[in-house]
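The structure appears below as structure tokens.
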Amino acid sequence: MVFGISLGSATVSEIILFVLIAIVLFVIFKIGKSILKLLFGILANSILGVVSIFVLDYVFGMGIQIKAYVLLAAALFGLPAVGTFVILRLFGVPI
């Protein structure tokens, strides 16, 4: 008995070990969840960037040529890169 509570066959060290494992699993879950959320955000931004380059070029005729560096920038930086290309194109800078 510990503090007047019968623990049955479990010892105090087993209970402490169980609590520590539960805490570690909880922390790993929280970190993993935030990493997955970040990766999903990056992936979604990249897909939106590449798709918007194609839409701007083919549907709206913005004149943004589909080149490797344009697609790479849109895939890495997403919509901010597309916005930069649109602004450059509106000021007459050939892309």
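If Leu71 satisfies all but one of (1) within 25 Å of the chain's Cα centre (by Cα); (2) modelled with pLDDT of 90 or more, what's the number of the condition it fails? Just one mismatch for Leu71, condition (2).
Scanning region 57-64 turns up no residue that is surrounded by 12 or more Cβ atoms within 10 Å (Cβ to Cβ), in a helix (DSSP H, G or I) and touching a residue at least 12 places away in the same chain (Cβ under 8 Å).
The values are calculated or read from the model by the stated rules, or taken from the named source; none is laboratory data. Keep in mind it's a predicted model, so treat the numbers as computed, not measured. For neighbour counting, all protein chains shown are included, and Cβ atoms are generated from backbone atoms with ideal geometry for every residue, glycine included.
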